[in-house]
Amino acid sequence: MEKETDVVIVGTGAAGLFCALQLPESKEITVITKDEARNSDSFLAQGGICVLRSEDDYDRYFEDTMKAGHYRNNKKSVEMMIRSSGEIIELLLGYGVEFERRNGELAYTREGGHSQPRILFHEDATGKEITGRLLEEARKRRNITIYEHTEMIDILCKDNVCYGVVTADSRGIVRPVWAGHTVFACGGIGGLYQHSTNFAHLTGDGLAMALRHKIKLQDVNFVQIHPTTLYSEKPGRRFLISESVRGEGAVLYNAHMERFVDELLPRDVVTRAIEEQMKADGKPYVWLSMEHIAREDILSHFPNILRRCREEGYDVTKECIPVVPGQHYFMGGVQSDLEGRTSMGRLYAVGETSCNGVHGANRLASNSLLESLVFARRAAMDIAGAVTEKKEKYTELFSPEQYQEIDKLQQENHALVRQEIERMKEAYEQQHNHDVKCR
Ligand SMILES: Cc1cc2nc3c(=O)[nH]c(=O)nc-3n(C[C@H](O)[C@H](O)[C@H](O)COP(=O)(O)OP(=O)(O)OC[C@H]3O[C@@H](n4cnc5c(N)ncnc54)[C@H](O)[C@@H]3O)c2cc1C
């Protein structure tokens, strides 16, 4: 059966849900997700969410974000994100999100690359707290319908205008969803990698649509590798050992139990140091020690890390754990402006799928939940303000026969995205080497 809706949102992570909640209740909103609604990277976020605590911190926060991004960030996006952070936290508190407090006041922690503690957190499960509340709220709204196990396999578009998406459900039944506006909030690319902290079903599908339909992409060569994931010989998603553990005093050791790097340097720098050390040691991991963090702080701030490491046979209150870098975040994506608009009419992109240059070449820790929420809200406001567009149905755009072999189509999409990332990485390296030679 076909469906018509005012707005279709692809993804039930923080970006997709927040966008749905920020749209007027007069709009009929359809949200689809490939998996269960709770299975998104937003639920996995451990460390926290950044906020501008006071005007005194503005310049340092801006500089920390730019420095981590190797000054390749779009300054306007950075400014917009930082300036909007206070109102985003207020909205989250309004939805009942709970952050850690000390003596009744919000408590702040610090992670690598931050010159100040400015990160709000909820134990080491901040993403679950935020996204769980957003999901609860979205499920209460009568104008929002969530379809789980419903995958976008294509978009409906003509003359560079988007009219909705083509979906396939878990039985392989293909249907069009016609929409006045379409929002990509489909997360990152970790599912394309062997070692990643991301859910395996996050395979850069928004990028694949962009490549198929000539929608502009940006910075796809910028892929973030997280320095510390728990080393395991088993296949599958790697467990992240949050940066805030190092922010609170955990240290890295080589095979001789010597420190070899300043643990609070930006992620890419720490990653490089670990990779070099692993090579020098001839080991597939280095050690992380939480010996300098008080036992009660480990119990209260990092209960999930404690539990998960125990499951793998390590007691972090007593011993070091082996860690290895893994693919973690995608700074590039579908090119979008400050309102989330893409190069295709009526199509928006928000969250990790999008790229407005806010992270530059490397994301500063705990900026991504914030960025997802800031620009999802702006996209919602832009859509709300748009002259109501008729949900035109272009029957000639959709033919179910076209989608007989969904598996093949998915494989082709994955290959397209992988190739583009490799192509852009090579081009970037060549350009970079050329620039260095010319200097
Ligand atoms: C382990 C881990 C820890 C992290 N910790 C932090 C942190 O402490 N602070 C921070 O700021 N950031 C953190 N991040 C990053 C942050 O969680 C993500 O960048 C952010 O949540 C992205 O949100 P999103 O809504 O864009 O995407 P996601 O939350 O990944 O959601 C993507 C959604 O799109 C759906 N989808 C994808 N493709 C399709 C398709 N074809 N059809 C239908 N649905 C589709 C998925 O099913 C999912 O619902 C962490 C990430 C990881 C993996």
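Using every pair of separate Cα atoms, the Kirkwood estimate puts the hydrodynamic radius of the range 1-77 at 15.7 angstrom. In summary, the chain shows an alpha-carbon radius of gyration equal to 0.97 times the 2.2 N^0.38 Å reference for compact globular proteins. Measuring r between the beta carbons of Y95 and R307 and using R0 = 30 Å, the FRET efficiency lands at 0.70. With the simple spin-label model, which puts each label point 7 Å out from Cα in the Cβ direction, the D382 to N433 separation comes to 3.8 nm.
In the calculated pair-distance distribution of the range 303-391, the portion above 16 angstrom amounts to 64 percent of the Cα-Cα pairs. Note on the range 14-163: Cα-Cα pairs beyond 23 Å make up 48% of the total pair count. Considering only alpha-carbon pairs that sit under 8 angstrom and 6 or more positions apart, the relative contact order computed for the range 227-325 is 34 percent. How much of the calculated P(r) for the range 167-269 lies past 19 Å, in percent of all Cα pairs? Of the Cα pairs, 62 percent sit more than 19 Å apart.
Here the range 227-325 is described by how far its Cα atoms reach on the three principal axes: 34, 30, 23 Å, from widest to narrowest.
Which percent, nearest 5, of DSSP beta bridges in the chain are antiparallel? DSSP beta bridges in the chain are roughly 60 percent antiparallel. Of S244, S372, S26, the sequence from fewest to most neighbouring Cβ atoms within 10 angstrom is S26, S244, S372. Compactness ratio for the range 138-209: Cα radius of gyration over 2.2 N^0.38 Å (N = residue count) comes to 1.24.
Readers should treat all values here as calculations from the given coordinates under stated rules, not as data from a laboratory. Worth saying up front: this structure is predicted, and the values here are computed from it rather than measured. When we count neighbours, we look across all protein chains shown, and the Cβ atoms used for this are built from the backbone with ideal geometry, even at glycine.
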